[in-house]
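Single-structure report; data block below.
The values are calculated or read from the model by the stated rules, or taken from the named source; none is laboratory data. Just so it is clear, the structure is predicted and the values come from calculations on it, not from any experiment. Don't worry about glycine lacking a Cβ; one is built from the backbone with ideal geometry, like all the others, and counts go over all protein chains shown. Only protein heavy atoms, including side chains, enter the accessible area calculation; ligands, DNA and RNA are left aside. Shrake-Rupley method; radii C 1.70, N 1.55, O 1.52, S 1.80 Å.
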Amino acid sequence: ASNGKLWIGMDYGITAVDLKNNITYMYDYKGEYGTANTAILQNSDFYLGTNQGLYKINWDDLNNNKAQTNYSLINGSEGQVWSLQNIDGALFCGHDRGLYLVENNSLKQINSEYGVWTIIPYKKNYLLTGNYNGINVFKRTNNSWEFLKKIELIWGSVNQIEIENDQFL
């Protein structure tokens with residue numbers, strides 16, 4: 001298979017197996033970091049958000065065949081990490097305890113409303129977060145993020161947000 005595909009005849013048709021994929025598998029051999037919810041590669045650091053907290057490892061130290069991988073727990077991140085988002089070089093963390101910035105191996109809290117499922121940039125200086133109880137809007141002022149408002153009439157859990165254009169979410 002010069003193109004990297006292996007075609008297999010099955011009982012109910014055929015299927016293709018991609019032999020040249022870029023998928024990397026990580027195994028938690030000892031059950032140290034829990035169930036993965038989100039991950040991101042920023043610079044040379046790989047961050048893994050789990051139901052136990054936020055973990056970090058240098059990308060070059062990540063090896064599928066090692067029986068032990070030395071992730072380090074980010075200080076103050078214990079709990080459920082739902083989302084990670086790089087916005088203009090800043091790493092945001094959606095957590096069951098609120099919205100955080102990841103800075104210098106620790107978390108800096110931006111807002112403490114529970115359950116940040118998703119984080120997306122909106123226009124130039126805004127963030128939208130989907131929470132356990134609706135959508136929050138944050139505004140960047142002088143390189144810091146401040147809670148601006150909660151979008152009215154959306155009270156349920158919001159774990160996905162799509163922006164259609166500048167006027168509609």
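Assorted remarks:
- When Gln109 is tested against (1) surrounded by 15 or more Cβ atoms within 10 Å (Cβ to Cβ); (2) assigned to a strand (DSSP E or B), just one condition goes unmet, and that condition is (1).
- Looking at Leu48, Leu19, Leu41, just one residue is surrounded by 10 or more Cβ atoms within 10 Å (Cβ to Cβ), modelled with pLDDT under 85 and either under 20 Å from the mean Cα position of the chain (by Cα) or of a type outside the set (Phe, Trp, Tyr) (or both), and that residue is Leu19.
- Pairs meeting the criteria (first residue in region 50-61 and of a type outside the set (A, V, I, L, M, F, W, C), second residue open to solvent by less than 10 Å² (accessible area, probe 1.4 Å) and part of a strand (DSSP E or B), beta carbons under 7 Å, at least 6 apart or on different chains) are Thr50/Val81; Gly53/Val81; Tyr55/Leu48.
- Output for region 84-93, where each listed residue is within 14 Å of Phe138 (Cβ to Cβ) and either touching a Gly at 6+ places or on another chain (Cβ under 8 Å) or open to solvent by 40 Å² or more (accessible area, probe 1.4 Å) (or both): Gln85, Asp88, Cys93
- Where Asp96 falls short, out of the listed (1) farther than 15 Å from Asn75 by Cα; (2) surrounded by 16 or more Cβ atoms within 10 Å (Cβ to Cβ); (3) at pLDDT 95 or above: (2)
- Inspection of region 58-74 finds no residue satisfying the criterion of being among the aliphatic types (A, V, I, L, M), over 14 Å from Phe46 (Cα atoms) and either modelled with pLDDT of 95 or more or buried (at least 21 other Cβ atoms within 10 Å of the Cβ) (or both).
- Residue in region 121-143 that is assigned to a strand (DSSP E or B), out of contact with any Ser or Thr (no Cβ under 8 Å at 6 or more places or on another chain), on the phi < 0 side of the Ramachandran plot and surrounded by fewer than 14 Cβ atoms within 10 Å (Cβ to Cβ) present: yes
- Sole exception among (1) over 27 Å from Asp28 (Cα atoms); (2) of a type in the set (Val, Ile, Thr); (3) under 18 Å from the mean Cα position of the chain (by Cα) for Val137, by number: (3)
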